[in-house]
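In what follows, a single structure is set out as structure tokens and then discussed.
The values are calculated or read from the model by the stated rules, or taken from the named source; none is laboratory data. All of these numbers come straight from a predicted model, not from anything done at the bench. Note that each Cβ is placed from the backbone with ideal geometry, even for glycine, and that neighbours are counted across all protein chains shown.
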Amino acid sequence: MKLHATAEPGGSEPAASFAGTDKPPYWDAAVAHLLKRDRILKKLIPQHPEVHLAAQGEPFLTLARAIIGQQISTKAADAAWERCLAACGRRVTPGVVGKLGLAGLREAGLSQRKAEYLLDLAAHFQQRLVHPDLWTEMDDEAVIAELTAIRGIGRWTADMFLIFNLRRPDILPLDDPGLLRAISLHYFSGEPVSRFEAREVAQAWKPWCTVATWYLWKSLPPPTR
């Protein structure tokens, strides 16, 4: 999974699957709700027929790639990830990352800070300080609490993980500039929008904020990569 590519701050194109390919079980009910409750989404959703949120890969891979892709362009993030894959022998696992150590990750081109973050992520998985096998049964805030205890993972990354990896239905990522820009564009005639105003708009979306967010991301033009 490419968090930096699917939902980059600033509003990258979200990952999509087409009809018949692992649609989230709640998707159709969510779309029906949003079409009835929100006049903007009633216009936007039909512009993206037969697509939905895509299934994603292993939690460790997802989070490792998210850390590596932070605060750099998609092109740079892809290159950095490829170097990391090569250094790990194409197997980016907690054990392999731990064996590489700080020096090995730095040799692969990671910054000191990102290398430290990646090692902390690997340590959390190896020491079972996080519980990915239980995340599907835990509530949203409990998963977020585990994730944000890892260095380099803040609320935005945790929200993106819940949306794209766990595919939770009701995540509202108020720290995402792309979502705020889409709300500004469609609901406030391009005027700046506060988190409070965005939350007020989203009241009509519950309990399907993830799906509304996904369609609003889709409504934005692709960024310069």
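Table for the structure above
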quantity	calculated
Given (1) in contact with a Leu (Cβ under 8 Å, 6 or more places away or on another chain); (2) in a helix (DSSP H, G or I), number of the condition residue 92 does not satisfy	(2)
Within the range 108-132, considering residues that are assigned to a helix (DSSP H, G or I) and among the polar types (S, T, N, Q), the one surrounded by the fewest Cβ atoms within 10 Å (Cβ to Cβ)	112
Residue 169 vs. criteria closer than 23 Å to residue 68 by Cα, modelled with pLDDT of 95 or more and in a loop (DSSP other than H, G, I, E, B)	no
Top-ranked residue of the range 176-209 - restricted to ones that are touching a residue at least 40 places away in the same chain (Cβ under 8 Å) and in contact with a Phe, Trp or Tyr (Cβ under 9 Å, 6 or more places away or on another chain), ranked as nearest to residue 50 (Cα to Cα)	208
Cβ pairs under 8 Å, 6+ apart, first in the range 47-67 and more than 19 Å from residue 86 (Cα to Cα), second part of a helix (DSSP H, G or I) and aliphatic (A, V, I, L, M)	53/163; 53/211
Identity of the residue in the range 24-66, buried (at least 17 other Cβ atoms within 10 Å of the Cβ) and charged (D, E, K, R), that ends up nearest to residue 121 (Cα to Cα)	65
